[in-house]
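Let me begin by presenting the structure, written as structure tokens, before commenting on it.
Taken together, the values in this text are just the output of simple stated rules run on the coordinates, not laboratory data. In this text, all values refer to a predicted model and were calculated from it rather than measured experimentally. Cβ coordinates were reconstructed from backbone atoms using ideal geometry, including for glycine residues, and neighbour counts include every protein chain displayed.
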Amino acid sequence: MPERAVSDVTSDDVLHGHVREWHDEEGWGVLVTPALPDDVWAHCSVVEAEGFRSLTAGQAVTFSAERAEQDRFLWRAVRIRPSASEPLPGADGGPGYSSSLDITFDT
């Protein structure tokens, strides 16, 4: 997008960014783009995907946003398209840790 004032951004503009965090259990997350000075709140209902609508931290996305107060955010996504590209380097799906558990039952 050409250099423009933030006040000129409309919900028709297509922005390029990535997922900063995503909460599957709550159905929302946060997107970031260099085109906006603030993070963008996103709900799973605006993700354009089949089946369970989920995103992954670090995943590249294209999206449209509107100026709106949503929780502590000043922007809200109105349409999100996951990109086919790989997640950003260093984005391992979350800020914490991951673990797994294998259970074997005696028969």
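Worth pointing out:
- Neighbourhood net charge (12 Å Cβ-Cβ; Lys/Arg +1, Asp/Glu -1) for ARG20: -3
- Compared with the alpha-carbon gap, the fully stretched path from ARG81 to THR62 is longer by 6.3 nm at 0.36 nm per residue.
- You can think of it this way: the chain between GLU50 and VAL32 has 4.2 nm of extra reach, that is 0.36 nm per residue less the Cα-Cα gap.
- Full-extension gain in nm, HIS43 to LEU74, via 0.36 nm per residue minus C-alpha separation: 9.7 nm
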